[in-house]
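The values are calculated or read from the model by the stated rules, or taken from the named source; none is laboratory data. Keep in mind that this is a model prediction, so the values were computed, not measured. Neighbour counts run over all protein chains shown; Cβ positions are idealised from the backbone, glycine included. Side chains included, ligands, DNA and RNA excluded: accessible areas come from the protein's heavy atoms. Shrake-Rupley method; radii C 1.70, N 1.55, O 1.52, S 1.80 Å.
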Amino acid sequence: MKVAVIGSGAMGSGIAQIAATNGCEVTLYDNNPDSLEVAGQKLVKIMDRLVEKEKITQEEASGILGRIEMTSSLPLIEGASLVIEAIVENLDIKKQVFTKIENLVDSDCILATNTSSLSVASIASACQNRDRFLGLHFFNPAPLMPLVEIIPSITTSDKYVKKVKQLMLDWGKSPAVARDTPGFIVNRLARPFYAEGLRMYEEGIADMATIDWAMKEIGGFRMGPFELMDFIGNDVNYAVTESVFTEFYFDPRYKPSITQKRLVEAGLLGRKSGHGYYNYENTSSNPKPNEDRELGTKIFNRTIVMLINEAADALFLNIASQEDLDTAMTRGVNYPKGLLKWADELGIDTVLKGLEDLFEEFGEDRYRPSPLLKRMNKNGETFYS
Ligand code: NAI
């Protein structure tokens, strides 16, 4: 099978690696030869490291590299049965590129975009034949993160969704099918993880080190919200929040934080700039957490009920199946448990009470409980069993 990957940046080179590792012939196209050069060097380094660690043999490494053809000539994608686009996040540019791609490939070649924040329907609108167009959203680093969100748009035919889902399983990935709605699954469900941390910090309930400690120690998350925002980059994380907020017609549930905006404005982007919420150049100035378990539990409880509310509301609105909502968070962002499974463990009544208390205390729409949780509580239902 021939796969064309469009864009050889962070995501495109990783996706090309996955396809070639799974035996596909890959054409990796970029209009910038320098980017192809960097991608080529990066892939060689990754292969060397995998051989060193004895994950693959030298022969396999050569095979994988040999199956990736790098080019700045778009017509070489001819003959591909799947095209995955991972170029700059700009609607007009993506549409222009897909118009060209459609003229080069067969009518049943699947066209996929790796977009994180644009609607699949809006990109697909550039094409004549839209039933084979869908979103295929990998997570960074693509070869390591198992989750792939598959996003059919309103014009996508089911047969292509099934085909791509099977292909992702064959590639050893964990696919989750999501509706073409802002943030798809992960970037929607994860918003309260950052938002509630920021809000508690703004209210002065605790400092960032304490909030991070609570989410790790009490919640079992690998990183706290502030560490994670610094890791992702405050500019990137803020842009996702702002895009989801705008796309949801300013639903207060997704309201961005002025605290984070100020960090971005100040150039405190996180690890990549040496300083974000924390200072990575002079770590001695960073605050130490207050390891008070009662305070930590309050912090965790407030965040987890908001996360569960978001997951429950996504299920209520048929954004994805219950299983896919849970898979997305464990396989895409390493949550210790699926949020709906977590809801069952805590008890729907406890989660609902937590949300009602917040709603009562703040009187803000942001804390409104999902109708699904209310209904389930009334009927004594659980998500699983
Ligand atoms: P990147 O900036 O690392 O790479 C983009 C590549 O596209 C560059 O090599 C650039 O030369 C090339 N490019 C730009 N315009 C082009 C054109 N007209 N024709 C051909 N090539 C062109 O970007 P990255 O991070 O790899 O993101 C790519 C896409 O994947 C975006 O849509 C982004 O939203 C999405 N995405 C990014 C994730 C991330 O964590 N970086 C995660 C999931 C999705």
Would you mention how many residues in region 147-159 are within 17 Å of Glu323 (Cα to Cα) and either surrounded by fewer than 17 Cβ atoms within 10 Å (Cβ to Cβ) or aliphatic (A, V, I, L, M) (or both)?
4
Among the residues of region 160-208, the number that are hydrophobic (A, V, I, L, M, F, W, C), farther than 30 Å from Asn129 by Cα and open to solvent by 10 Å² or more (accessible area, probe 1.4 Å) is 4
How many residues does region 109-139 hold that are outside any strand (DSSP E or B) and either touching a Gly at 6+ places or on another chain (Cβ under 6 Å) or within 10 Å of the ligand (Cβ to nearest atom) (or both)?
8
Residues that are open to solvent by 50 Å² or more (accessible area, probe 1.4 Å), closer than 11 Å to Ile6 by Cα and among the β-branched types (Val, Ile, Thr), drawn from region 68-108:
Val88
Could you tell me whether region 81-89 includes any residue that is free of Cβ contacts under 8 Å to residues at least 40 places away in the same chain and either assigned to a helix (DSSP H, G or I) or of a type in the set (A, V, I, L, M, F, W, C) (or both)?
no
Inter-residue pairs, beta-carbon under 9 Å, first acidic (Asp, Glu) and in region 16-27, second open to solvent by 10 Å² or more (accessible area, probe 1.4 Å), 6+ apart:
Glu25/Met1; Glu25/Lys2; Glu25/Arg67; Glu25/Ile68; Glu25/Glu69; Glu25/Gly79
Within the bounds of region 21-38, is there any residue that is open to solvent by 70 Å² or more (accessible area, probe 1.4 Å), over 15 Å from Ala86 (Cβ atoms), within 16 Å of the ligand (Cβ to nearest atom) and in contact with a strand residue (DSSP E or B) (Cβ under 7 Å, 6 or more places away or on another chain)?
no
Evaluate the following for Lys288: is it more than 19 Å from Gly183 (Cα to Cα), without any contact (Cβ under 8 Å) to a residue 60 or more places away in the chain and open to solvent by 60 Å² or more (accessible area, probe 1.4 Å)?
no
Out of the helices (runs of 4 or more DSSP H) lying entirely within region 150-266, which hold 1 or more residues that are under 22 Å from Ser285 (Cβ atoms)?
191-203, 208-217, 225-232, 234-247, 258-265
